[in-house]
Amino acid sequence: MPKHYRPAGKKKEGNAARYMTRSQALKSLQVNLNLFRRLCIVKGIFPREPKKKVKGNHHTYYHVKDISFLQHEPLLEKFREIKTYQKKVQKAKAKKNEELARLLLTRQPTYKLDRLIRERYPTFIDALRDLDDCLTMVHLFAVLPASDRENLEVKRVHNCRRLSHEWQAYISRTHALRKVFVSVKGIYYQAELEGQKITWLTPHAIQQVFTNDVDFGVLLTFLEFYETLLAFTNFKLYHSLNVKYPPILDSRLEALAADLYALSRYIDASSRGMTVEPKVDASSSSQSNDRAESELRLAQLQHQLPSSEPGALMHLVADKEVEEDEETRACKSLFKDLKFFLSREVPRESLLFVLPAFGGTVSWEGEGAPFKEDDESITHHIIDKPSAGHMYLSREYVQPQWIYDCVNARIILPTEKYLVGRIPPPHLSPFVDNEAEGYVPDYAETIKRLQAAARNDVLPLPGVGKEDLEDPQNLLYAGFMSRTEEIEAAENKKTMAEREKQYHEELKKELKKEVTGSVVDDVAAPVVEEGEGEESSVPDAAQIAQDTADMPTLMMSRKKRKLYDAMKIGQKKKSESVERIKQRKKNLKADQ
């Protein structure tokens with residue numbers, strides 16, 4: 001009898017009992033494929049890869065326990081109830097009873113994902129660890145246009161935009177932003193909250209186009225879950241600052257697309273706990289009356305926010321004693337006492353998010369701005385193209401890349417290379433470890449020296465390498481050492497060289513004795529020349545080293561050896577690409 005034979009009706013064992021295919025799962029749950037996908041997305045259930053695929057390689061497998069969890073999911077019954085209710089609406093429309101159809105639509109059952117959020121993320125740290133995809137998805141749909149074809153409603157786009165602005169306002173308020181990189185795909189941000197590094201991608205502020213090769217039904221299901229997750233996270237973060245959530249914003253600033261600025265004012269006012277009543281002068285002019293009414297409305301909405309200088313309201317740092325680490329203090333004071341003004345062509349939303357996060361005060365060109373362009377206290381004017389307007393001598397005109405490079409370097413870089421009309425230096429990614437990659441760009445070396453100068457550290461000159469530092473004579477010429485120190489260093493170096501030479505000779509003699517002593521044979525050795533026998537008895541040191549290096553590889557299993565070979569191939573490709581970059585750099589210098 002074959003070993004795999006099992007009589008009919010006997011209980012299954014092994015992979016056949018632990019896994020089932022997707023078609024079997026659909027049959028067990030009695031749902032269609034779309035509903036099954038929705039349930040798997042919101043519950044966090046994903047396909048598995050069993051070691052032995054019983055039904056074949058062309059099937060998708062799920063764990064039996066995961067499917068049993070779906071069978072007892074209350075959301076499944078709610079989906080069935082909604083489907084049954086939609087059939088009633090369709091029946092009313094088929095009978096041309098529009099009034100009944102409208103009445104049924106107003107009473108349509110709804111569901112919430114709050115319980116699933118608490119189930120999948122027992123602690124707040126778990127939710128922060130899973131925010132990368134969530135933030136990327138929400139920021140993507142915040143810039144997409146509403147579409148009836150893709151079932152993307154305007155209300156949903158506005159909700160994504162509101163959630164993304166609330167997240168950015170909190171990160172800017174707490175100075176938790178760490179890295180920024182502008183790429184072709186968009187702008188990468190990295191923040192650090194409670195020891196967790198969160199990285200997300202924000203699209204550029206351009207017209208987005210829908211593509212036909214993307215299933216927006218699946219994306220909208222993910223978005224539905226991510227909206228709830230981000231709302232829970234924002235609620236927790238805002239309450240940690242003693243700020244009520246959801247925030248109440250000034251409708252005038254919202255109409256002017258200044259949501260982030262309005263959120264910043266709301267957080268700053270709520271965290272300070274201001275309760276001063278604004279005064280309205282009835283005998284003032286019509287312009288002052290309009291401004292007083294606007295401030296009164298804003299005060300009522302924002303818990304009695306007093307009228308103050310707009311520039312002061314842009315400071316997102318509350319006078320609250322909190323424990324801040326060294327990195328947060330460095331980010332908080334990077335653009336301290338600097339005042340920025342943004343032109344129309346620069347990415348306004350990105351800079352309004354980045355600059356206050358690093359202690360800067362910022363305004364822009366347009367209505368609702370905290371201060372105007374002719375303010376004499378402006379220190380930097382961010383502009384991306386030469387302007388034919390009035391140029392102020394009291395400020396510096398720089399490109400937006402200067403802001404991002406200063407943020408990544410944590411120092412105020414010189415603005416000569418970033419002036420308007422010049423080609424800026426390369427925008428280096430802060431997510432790449434140049435030392436690990438094996439190639440350090442020239443501008444990275446320049447930034448490293450500027451950082452060392454800011455810390456008052458001493459680095460070797462650009463022409464001084466490790467070989468020069470080891471030679472005391474070169475250090476003497478470079479002016480690093482005195483004559484007495486140079487003589488002492490030279491004597492120490494000579495002594496160490498002699499000891500090293502003596503050690504190598506002793507090691508060679510010991511190796512000879514071991515080899516000649518181990519070769520003991522009853523048969524007489526053939527007569528050879530003295531030099532020839534001495535040469536053949538001493539093994540090659542390079543060969544011994546190579547055999548010693550290959551020993552761990554020979555002891556590996558086949559699977560680990562293939563993985564090791566793949567790693568070596570990857571390292572070889574990386575070194576070849578570094579060599580190509582260096583050769584290209586040499587060719588460019590030769591052409592110049």
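Data table
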read-out	value
Heavy-atom accessible area ranking, 1.4 Å probe, most first, across 429, 557, 343	557, 429, 343
Distant alpha-carbon pairs in region 1-117 (separation over 18 angstrom), percent	63
Zero-based 10 Å bins, Cα pair distances in region 97-249, whole percents	9, 35, 34, 16, 4, 1
Projected label distance in nm at residue 558 and residue 507, using a 7 Å step from Cα toward the beta-carbon	3.9
Proportion of all alpha-carbon pairs of region 163-212 beyond 12 Å (%)	69
Label point distance in nm, residue 241-residue 80, each placed 7 Å from Cα along Cα→Cβ	4.6
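The values are calculated or read from the model by the stated rules, or taken from the named source; none is laboratory data. This structure is a prediction, so every number in the text was calculated from the model and none was measured. As a convention, Cβ positions derive from the backbone with ideal geometry for all residues, glycine included, and neighbour counts pool all protein chains shown. Remember, those area values only see protein heavy atoms, side chains included, never the ligands or the DNA or RNA. Shrake-Rupley method; radii C 1.70, N 1.55, O 1.52, S 1.80 Å.
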